[in-house]
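Report on the following structure.
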Amino acid sequence: MSSPLAPNQTPGLVCAHHHLYSALARGMPAPPRTPTGFAEILELVWWRLDVALDDYTIEWSAKLGALEALERGCTAIVDHHESPTAIDGSLSIIADACAEVGVRVNCAYGITDRHGPAGAAAGLAENDRFLREGGSGMVGLHAAFTCTDDTIAAAAELARTHDVGVHVHVAEGEADTWERLRGHTASNWWLVHGVHLPDDHGLEGTIVHNPRSNMNNAVGYARPTRFTNPIGLGTDGIGADMLDEFRVAFVRAREHDVETDPDTVWSWLETGWELFPAARADIVSWGYSPMDPWRLAYSPGVSPTSIEVDGSVVFANGAPTRVDADEIRTKAAEAATALFKKLEG
Ligand SMILES: [Zn+2]
């Protein structure tokens, strides 16, 4: 048993939905025209970026993303990855990058039929390879609306084989055909967003709420308190500052219902430990006390001072101990420059 936490300590925070590959996206060349809605944001921004990723940019985006997570007291990331022209081995690159920084990660490759049946098969194979080799992960699906029924069934079957869940975007936009997941889901599935799910959707699994991303894409508010499913909290790739995401989730929930209390929203953060029980034993010491949801909901800028993962100090005196933060930022900036050139070319 770990010793009780001091008032200025919490367990390691969990980002229940991340896209580490987006760490290099900031500053990317503008799309050919301004996207007018969620579908165009996918087509003109994210599906241009993911197809340009290679092993080099996957590695440095993951290292930068893991570093930024650790710097904000997040010791565990549930990642959802897509790199259509560099699928094979991509999940191991991400897992190794996170391990180097000292952050836990659960990896999934987002299978999709957007690049034809061969692309879907390669995505399925990458999830299978990673899990067979003992990697920590789930089977990833992009979303029902970009997958055939056969692909959805194959992902569900592969997940059952490995005794893990499926990590899938669900009803983020109105156009998603999430109903096609019915009959496949199980309690270990990771259902991301759920904005347009009806209350009685009938899907099993944890619904992961990403309030900042949902507002940024103007897809609507998920109103998570209406669901009977467990609720988790993610960033959808906009960093991994979970105290900040907690505050955004809280204030968005208050806008919807002023009686919402911070303990309810904090419980969404705690759901991450169901997937990462080991992160509950990680110790984050913060420069603030006490770490109480009612205070944190109204206290921007609370930062960690030291972090222990698996009993070893991975962050001390405001810096990571295993890696050189300046070096990661420099190399990641070089990788971003290479990525942007590809996008312009
Ligand atoms: Zn996402």
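The values are calculated or read from the model by the stated rules, or taken from the named source; none is laboratory data. The structure presented is a predicted model; accordingly, all values stated were derived computationally and were not measured. Methodologically, a virtual Cβ is constructed for each residue, glycine included, from the backbone with ideal geometry; neighbour enumeration extends over all protein chains shown.
Within segment 236-264, restricting attention to residues that are away from the ligand (no atom under 16 Å from the Cβ) and touching a Leu at 6+ places or on another chain (Cβ under 8 Å), which residue is farthest from Tyr221 (Cα to Cα)?
It comes out as Leu243.
Can you name the number of the only condition in (1) of a type outside the set (Lys, Arg); (2) more than 16 Å from the ligand (Cβ to nearest atom); (3) outside any helix (DSSP H, G or I) that Val219 fails?
(2)
In segment 335-342, is there at least one residue being under 17 Å from Ala97 (Cα atoms) and charged (D, E, K, R)?
no
Any residue that is assigned to a helix (DSSP H, G or I), over 16 Å from Ser267 (Cα atoms) and either modelled with pLDDT of 95 or more or among the polar types (S, T, N, Q) (or both) - is there at least one of those in segment 229-238?
No, that holds for no residue.
Answer with yes or no whether Glu59 is over 23 Å from Trp286 (Cα atoms), surrounded by fewer than 24 Cβ atoms within 10 Å (Cβ to Cβ), free of Cβ contacts under 8 Å to residues at least 24 places away in the same chain and among the charged types (D, E, K, R).
Taking the combined requirement at face value, the residue does not satisfy it.
Which residues, taken from segment 175-191, are over 19 Å from Arg160 (Cα atoms) and within 16 Å of the ligand (Cβ to nearest atom)?
Within segment 175-191, Ala175, Asp176, Trp178 qualify.
Do any helices (runs of 4 or more DSSP H) lying entirely in segment 15-122 carry at least 3 residues that are within 18 Å of the chain's Cα centre (by Cα), modelled with pLDDT under 95 and within 16 Å of the ligand (Cβ to nearest atom), and which ones are they?
Qualifying helices (runs of 4 or more DSSP H): 47-52.
Can you tell which of Ala156, Ala143 is closer than 29 Å to Val103 by Cα and more than 16 Å from the ligand (Cβ to nearest atom)?
Result of the check over Ala156, Ala143: Ala156.
What is the residue count in segment 117-144 for residues that are over 15 Å from Ala154 (Cβ atoms) and small (Gly, Ala, Ser)?
Here the count works out to 5.
Starting from residues that are among the β-branched types (Val, Ile, Thr) and in a helix (DSSP H, G or I), keep the ones in segment 259-271 and report whichever is surrounded by the fewest Cβ atoms within 10 Å (Cβ to Cβ).
Going through the qualifying residues, I end up with Thr264.
Would you mention how many residues in segment 217-246 are touching a helix residue (DSSP H, G or I) at 6+ places or on another chain (Cβ under 9 Å) and on the phi < 0 side of the Ramachandran plot?
Qualifying residue count, segment 217-246: 20.
Kindly indicate whether any position in segment 241-258 is within 29 Å of Arg26 (Cβ to Cβ), in a loop (DSSP other than H, G, I, E, B) and not basic (Lys, Arg).
yes
Checking Ala6 against (1) aliphatic (A, V, I, L, M); (2) within 16 Å of the ligand (Cβ to nearest atom); (3) at pLDDT 95 or above, which test does it fail?
Answer for Ala6: the failing condition is (2).
Out of segment 153-177, which residues are assigned to a helix (DSSP H, G or I) and surrounded by fewer than 22 Cβ atoms within 10 Å (Cβ to Cβ)?
Answer for segment 153-177, where residues must be assigned to a helix (DSSP H, G or I) and surrounded by fewer than 22 Cβ atoms within 10 Å (Cβ to Cβ): Ala153, Ala154, Ala156, Glu157, Leu158, Arg160, Thr161, His162.
Return the pairs, sorted by first residue and then second, in which the second residue is assigned to a loop (DSSP other than H, G, I, E, B) and within 16 Å of the ligand (Cβ to nearest atom), the first residue lies in segment 182-200 and is in contact (Cβ under 8 Å) with a residue 24 or more places away in the chain and at positive phi, the beta carbons are less than 7 Å apart, and the residues are 6+ apart or on different chains.
Filtered contacts from segment 182-200: His193/Ala171; His193/Glu172; His193/Asn210; His193/Ala222; Gly194/Ala171; Gly194/Ala222.
Scan segment 187-230 for residues that are surrounded by 15 or more Cβ atoms within 10 Å (Cβ to Cβ) and not hydrophobic (A, V, I, L, M, F, W, C) and report the count.
Final tally of qualifying residues: 20.
Tell me which residues, restricted to segment 286-337, are out of contact with any strand residue (DSSP E or B) (no Cβ under 9 Å at 6 or more places or on another chain), among the aliphatic types (A, V, I, L, M) and exposed (fewer than 15 other Cβ atoms within 10 Å of the Cβ).
Across segment 286-337, the qualifying residues are Ala319, Ala333.
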